[in-house]
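No lab work stands behind these numbers, since they all come straight from the coordinates. Predicted model, so just to flag it, every value in this text is computed and none were measured. Reconstructed Cβ throughout: ideal geometry from the backbone, glycine too, with neighbour counts over all protein chains shown.
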Amino acid sequence: MINPAVSRYISRMEQREFEQIADSLRKKALQMSRNYQIPEESGEDIAQDTLLKLWLHRAEFSTAEDCQRLAGHIARHLCIDHFRSHRRLGILESLSIADEAYATPHDRLVGLETGQWLDARMQELPPKEYEILRLRQTEQKTNAEIAALLGIGKGSVATLLSKARKQLFEEIKRKDRYENR
């Protein structure tokens with residue numbers, strides 16, 4: 001067993017070492033976000049997320065060069081996630097704006113009722129499936145992030161997410177069959 005005093009020293013030493021390279025890691029993440037033409041404030045968020053992820057995995061690095069290499073990979077993946085979430089939100093926002101601009105009062109009422117119906121079906125899902133679906137669809141979390149938040153495996157997240165989506169899809173098909181009689 002490690003002496004607590006030695007453990008605290010090692011922890012402080014790790015922190016000092018990380019602080020020494022943190023500025024260069026931050027610059028690398030910011031440069032990556034600039035290369036992807038991401039706005040400055042989002043680039044700062046990506047840099048901060050990169051540093052946080054590196055800090056959480058600091059025990060896995062044997063050298064500062066390993067940390068530098070991983071910083072580039074993490075920043076690149078965060079930039080890609082940024083584009084995916086903004087592209088998805090942009091498409092949904094443009095559809096919503098177009099729908100609202102040309103919708104008749106009847107169409108608006110049908111849209112409202114459909115949204116309420118879907119919310120009610122989602123509330124009927126088992127709590128864990130509902131939470132996973134909400135985190136994925138509303139908060140745009142990755143399976144890995146959801147797994148970490150809920151303390152379950154990534155495979156379980158994928159399985160439960162698939163199960164929830166399938167159940168909702170079956171409910172939608174039943175509703176359509178009923179309405180189209």
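Observations on the structure shown:
- Electrostatic tally near E179: other residues with Cβ closer than 14 Å to its Cβ, Lys and Arg +1, Asp and Glu -1, net +2.
- Using a cut-off of 23 Å between Cα atoms, the listed pairs K141/K163; K141/K175; K28/K53; K27/K53 include K141/K175 as exceeding that distance.
- Per-residue HN-Hα couplings for the stretch 26-40 [Karplus 6.51, -1.76, 1.60; θ = phi - 60°; Hz; x = Gly/Pro]: 4, 4, 5, 5, 5, 5, 4, 5, 5, 4, 8, 6, 8, x, 4
- Mean Cβ count within 10 Å, highest first, over the residues of peptides 116-125, 140-149, 73-82: 73-82, 140-149, 116-125
- For F61, nonlocal amide neighbours, meaning residues 5 or more places apart or on other chains whose placed amide H falls under 5 Å from its own, do not occur.
- When its C-alpha radius of gyration is set against 2.2 N^0.38 Å (N residues), the stretch 118-181 gives a value of 1.22.
- Potential extension, T114-A158 segment - 0.36 nm per residue separation minus Cα distance: 13.2 nm
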